[in-house]
Amino acid sequence: MAAVLLVGVGIYALLYRVDNKYTAALPGGYGYNVLQDDPERVAFLVDGWEYYPGQLLEPADFEGGVSPEQYTYVGQYGNFSAHLGSPYGTATYRLILENPGKPVELALYLPELLCAGRIYINGALVGEQGSLEPYAPRVMDGVYALRAEGSTEIVIQCANFTHYYSGMYYPPAVGTPGAVTRMLVSRLAVYGFLCFTALAIALFHLVQWLLGRDRLTRWMGLLSLLFALRVCYPFVRGLGIPFIRPLYALEDVCGNGVLLCAVLMAGELSGCAGARYHRWGAVPAAAGLCLITAVFPVFILPYAPSFINLYGMLLFLWKLAAGVYLLYLSGYALSQDRMLGHYLLCAAGLYGLSVAASVASANLFEPIRGAWLEEYGGYGLVLGFSAQMVRHEVLLTRENRRLTLHLQEEVERKTNSLSVLLSERRELLANLLHDLKNPLSALRSYGELVRSGNEALDPETAGYLNALLDRVEVVGDRFDVLQDFSRGERGMHPPESICLNRYLRAFYEANRPDMEVSGLSFRLRLPVELVWVQGRKERLDVALENLCYNALSFTPPEGQVTLELALEDGMAVITVGDTGAGIPPEDLPHIFERGFTNREDGSGDGLGLYLVRIIALEHGGSVEAESRLGRGSSFTIRLPAE
């Protein structure tokens, strides 16, 4: 951090010497400046201006020997309060430019006059910024031609009834037209770089936020966007904007909005977001300053100019307090060993240094080709917080990678545990079924032996015996189904690549005799193209046998059962259709539920179609049914094709 601050001090010291209008001022005395030998080097008219507050004097007025009330340097007074008792009013500035050398064609670059003015050179009106009479302010810069030969008189009239700054606040420049043009292009290039790089950062983070990132991303995007809007004013001045109050209110709102976003982000990154002094002190203060800067310049200061100096002092104190608070948050982050504390400290330190440097260099520094010190500090906030966001994303990515790896390991461990548990349960189920079938078989045998042994049984006892044997048969059927299911689970082979055309042809040929023995027609329809799936043939056999023999039981002898294959949208579609009795609409949603049956004689166990659904799901597919009463039904299995 100390190294960063030392570098910042070094940069500010360098800027003070090489990019400062006050160190590039022309020499002179009271009422005059002296042009130097090299007009290709832009120089500035800073000192020695005659100052006439409260008066609008024209060049003719000076021919009568008007004596100046006082002398000033440009930037000495922020407004007219010191002499007129109010920031609003009028004033005249006069200076003689002495050229001891040969005549030279020069350009006078006059930054924005606050907020309207006229420019006279050697008694002639050469330009206006806005209008003095009637008063119509305008935000604009101006470049005016002059011929420096001997003594050149420059008279500037100013009026302000709009803004909290008044008069000629920024030093004019003189030099050859080419030199002035190069200076302006260089300055626009610097501000263009600051503005458009910040805008690019803003757009990136705002898009990331719209894609679902956290609020830090939103605040970073807003911080960069507000800074970009704040530093675009050199381009606006070239347009000659007449909306003074809204424009300067927008600049103030953007500047304080940058600090609000910085406070929000620093609170989050430092871990102080939940602290009462942050939630109920710093954040409301920052938001309140944004509201004040949006309201006061437009709706209050024009009608209560006595508050203007207080308003300016409030903005200055807030910037200073914000810099100190950001330093505090960065120090807290470091004390808590937060990974981003160093980034936060550097960004806050550079901003605090820029604010302090701006205060210390008031009326001593104004950039020629670059930006103001405070603007460099704001750009430092943009870059510093952007670096923090990059580091934040890197840390999140690492943590996500670690959690993902841990999650994969945990899933594999749980999967292995479940596989072992399921395997043990399958074996237990198989053993139980085997053990239970022995006493069940014995019970069936004893019952049959009693019934076939011609024992003299009374009718009631014979009825009980028949009922008992019927129940034994039902339980035996249930055991057969469970045993088949268990056997299929335990003997399940890994999936293999199956050509459904060949598989269904073989299935059709194997089951055709049994299907047609009752007199119905069994048909097979296969597509020309080969259809492949990943599956298990023994499981598909169970599913198709259930569908085909169900269709057989519900189709009259003159009817037809069709087994069909198609390829639709990357899915293999197997359809078993019949021309049987159909399924009632109220039963159709329930036919794949375990234990559901709609046979009129009450036979069936309701497991066949349930097994079909389970097998389809095992293969990553689905099954569905359509039916019309009296016209038949169709069952469709959809499986992912290779």
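We did not get these values from a lab; they are worked out from the coordinates using the rules stated. Here the structure is a predicted model, which means the values were calculated and not measured. A quick note on method: Cβ atoms are made from the backbone with ideal geometry, for glycine too, and the neighbour counts reach across all protein chains shown.
Ranked from largest, the principal axis spans of the Cα set of region 493-640 equal 41, 31, 28 Å.
Each Cα pair under 8 Å and six or more residues apart adds its separation to the average, and for the chain the resulting relative contact order is 9 percent. Shape analysis of region 98-248 yields a ratio of the Cα radius of gyration to the Kirkwood radius, Rg/Rh, of 1.13. Normalised by residue count, region 186-403 yields a Cα convex hull volume of 137 Å³ per residue.
Phi angles across region 157-168 convert, under the Karplus curve 6.51 cos²θ - 1.76 cosθ + 1.60 with θ = phi - 60°, into 3J(HN,Hα) values of 9, 9, 9, 9, 9, 10, 10, 7, 9, 9, x, 8 Hz, Gly and Pro given as x.
Measuring between their Cα centroids, region 172-221 and region 14-49 lie 29 Å from each other. Please list log₁₀ I(q)/I(0) at q = 0.06, 0.08, 0.09, 0.10 Å⁻¹ for the chain, using the Debye equation with identical point scatterers on the alpha-carbon positions. The Cα Debye sum returns log10 ratios of -0.60, -0.73, -0.83, -0.95. According to the calculation over all Cα-Cα pairs in region 146-186, the P(r) per 5 Å bin from zero is 5, 15, 19, 18, 18, 16, 8, 1 %. Taken over region 170-223, the convex hull of the Cα atoms encloses 71 Å³ per residue. Computed on region 493-640, with alpha-carbon pairs under 8 angstrom and 6+ residues apart, the relative contact order is 23 percent. Put simply, the amide H of residue 69, placed in the peptide plane, has neighbours under 5 Å in 51, leaving out anything fewer than 5 places away on its chain. Our summary gives region 531-589 a relative contact order of 32 percent, counting only alpha carbon pairs under 8 angstrom and 6 or more residues apart.
Let's see if you can work this out: charge +1 on each Lys and Arg Cβ, -1 on each Asp and Glu Cβ, no other charges. What is the dipole magnitude of region 31-175 about its Cα centre, in debye to the nearest 20? Please report the intermediate quantities before stating the final value.
Working: 6 positive and 17 negative charges, 59 e Å.
Taking the Cα centre of region 31-175 as origin, the dipole is about 280 debye.
The Cα-based radius of gyration of region 31-175, divided by its Kirkwood radius, gives an Rg/Rh of 0.95.
Selection among 122, 30, 521 by position relative to the dipole of the chain gives 30 as farthest towards the positive end (Cβ unit charges, Cα centre). Among the DSSP beta bridges whose two residues both lie in region 493-640, what percent are antiparallel, rounded to the nearest 5? Of the beta bridges lying entirely in region 493-640, close to 85 percent run antiparallel.
Quick check on region 5-128: of the DSSP beta bridges with both residues there, what percent are antiparallel, nearest 5%?
75
Taking the Cβ of residue 365 as the center, what net charge do the other residues with Cβ under 13 Å away carry, scoring Lys and Arg +1 and Asp and Glu -1? Net charge around residue 365: -2. The angle between the Cα long axis of helix 215-230 and the longest principal axis of the Cα atoms of the chain comes to about 30 degrees, rounded to the nearest 10. For region 143-160, backbone nitrogen atoms closer than 19 Å to the point 7 Å from residue 61 Cα along Cα-to-C-beta are found at 153-160. Once you reduce region 53-126 and region 526-576 to the center of their Cα atoms, the two points are 99 Å from each other. Based on the Cβ-Cβ distance from residue 631 to residue 273, what FRET efficiency comes out when R0 is 56 Å, to the nearest 0.05? Computed FRET efficiency for residue 631 and residue 273 comes out at 0.25.
Modelled this way, with points 7 Å down the Cα-to-C-beta line, the labels at residue 36 and residue 524 are 10.2 nm from one another. What shape does region 130-204 have by the C-alpha gyration tensor, where a ≥ b ≥ c are the square roots of the eigenvalues, rounded means a/c under 1.5, and otherwise prolate means a/b greater than b/c and oblate the rest? In terms of gyration-tensor shape, oblate. Could you give the length gained by full extension between residue 14 and residue 334, i.e. 0.36 nm per residue of separation minus their alpha carbon distance, to one decimal place? Difference between extended and current length: 112.2 nm. The alpha carbons of region 281-395 give a radius of gyration and a Dmax of 16.6, 53 Å, in that order. Dipole of region 493-640 computed with +1 at Lys/Arg Cβ and -1 at Asp/Glu Cβ about the Cα centre; of 622, 595, 503, farthest Cα towards the positive end is 503.
Between helix 283-295 and the chain there is an angle of about 60 degrees, using the helix long axis and the longest principal axis of the Cα atoms. Taking Cα atoms only, the orientation of helix 537-554 departs from the longest principal axis of the chain by about 60 degrees. Summing +1 for each Lys or Arg and -1 for each Asp or Glu among the other residues whose beta-carbon sits under 11 angstrom from that of residue 141 gives +2. For region 33-41, backbone phi angles converted through the Karplus equation (6.51, -1.76, 1.60; θ = phi - 60°) give residue-by-residue couplings of 10, 10, 6, 8, 6, 10, x, 6, 9 Hz, Gly and Pro being listed as x.
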